[in-house]
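Before any comments, here is the structure.
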Amino acid sequence: MSRIAKIVKSNSHVDYVARVIDELDADAPPSPDEYGFAQFVRLPVREGEEVVGVVYDTQLANPEYGTFGPRLSSHADLKVLSPDFLHEQGVLLGILLLGWRSRGDDAAGGWAAHHGMPRRVVPVGQEVFSLPDAEVFEFHRGPGGSVQLHYFSQALAHAGAFAVPLVESVIAQLEPACEPADRQRLCVLKKSLVWQRTLGQLRL
């Protein structure tokens, strides 16, 4: 559960932008594998409650682009002479919020997952942590133990052109740990996504 980014702004109530932590923020910044497409993340908003989201887009921030003058300093020199300039360059993550989880009242103190629109606003500067695979599956486990994706329509509505690939990637992450019945349900969902993508291509 490593720290990978910090929230810098939002585009909507469920669409946030986070800046990946770099070498000026931490001695060991996260590797690209930790914030790839469809990586699930958690954002602790208060004691016993975390908002859960997924990376659906990335952008490179580079103010140097378009500057065609000669390079007077190397990357190593800039770390000493002008570290703020390097800090302006970085990776921005598009994070789609899918729901939240809260600590249960039972003795075990496990997480209770909720899919849908989080009520709480995530503040600027909020730290973003990666969510381990086991906890990703738990977030998708319903009361009866079956897999649930109640945020399906939410993802299709807010992830834009990345919506279908995003849901397909989520399904691919969940399938290995699913029971045969759940795999069959996910297979039906995948076929529906393929159909939606085919219709989109025909409209073009």
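In table form, for the structure just shown:
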quantity: Pair list, Cβ < 6 Å and 6+ apart or interchain, from segment 36-53 residues that are closer than 13 Å to Gly94 by Cα to residues that are assigned to a loop (DSSP other than H, G, I, E, B); calculated: Phe40/Leu131; Val41/Leu131
quantity: Members of segment 9-33 found to be charged (D, E, K, R) and either in a loop (DSSP other than H, G, I, E, B) or touching a Cys at 6+ places or on another chain (Cβ under 8 Å) (or both), listed by number; calculated: Asp22, Glu23, Asp25, Asp27
quantity: Selected residue (only one of Glu23, Glu49 is over 10 Å from the mean Cα position of the chain (by Cα) and at pLDDT 90 or above); calculated: Glu49
quantity: Matching residues, segment 26-38, being aliphatic (A, V, I, L, M) and either over 14 Å from the mean Cα position of the chain (by Cα) or more than 24 Å from Arg120 (Cα to Cα) (or both); calculated: Ala26, Ala28
quantity: Index of the failed condition, Lys190 passing every other in (1) under 15 Å from Leu98 (Cβ atoms); (2) part of a helix (DSSP H, G or I); (3) in contact with a helix residue (DSSP H, G or I) (Cβ under 7 Å, 6 or more places away or on another chain); calculated: (1)
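Residue-by-condition table, conditions (1) closer than 30 Å to Ile21 by Cβ; (2) modelled with pLDDT of 95 or more; (3) hydrophobic (A, V, I, L, M, F, W, C); (4) surrounded by fewer than 16 Cβ atoms within 10 Å (Cβ to Cβ):
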position: Val124; (1), (2), (3), (4): yes, yes, yes, yes
position: Phe129; (1), (2), (3), (4): yes, yes, yes, no
position: Phe139; (1), (2), (3), (4): yes, yes, yes, no
position: Gly144; (1), (2), (3), (4): no, no, no, yes
position: Leu149; (1), (2), (3), (4): yes, no, yes, no
position: Ala161; (1), (2), (3), (4): yes, no, yes, yes
position: Pro165; (1), (2), (3), (4): yes, no, no, yes
position: Glu179; (1), (2), (3), (4): no, no, no, yes
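The values are calculated or read from the model by the stated rules, or taken from the named source; none is laboratory data. Not measured: the values here are computed from a predicted model. Cβ coordinates were reconstructed from backbone atoms using ideal geometry, including for glycine residues, and neighbour counts include every protein chain displayed.
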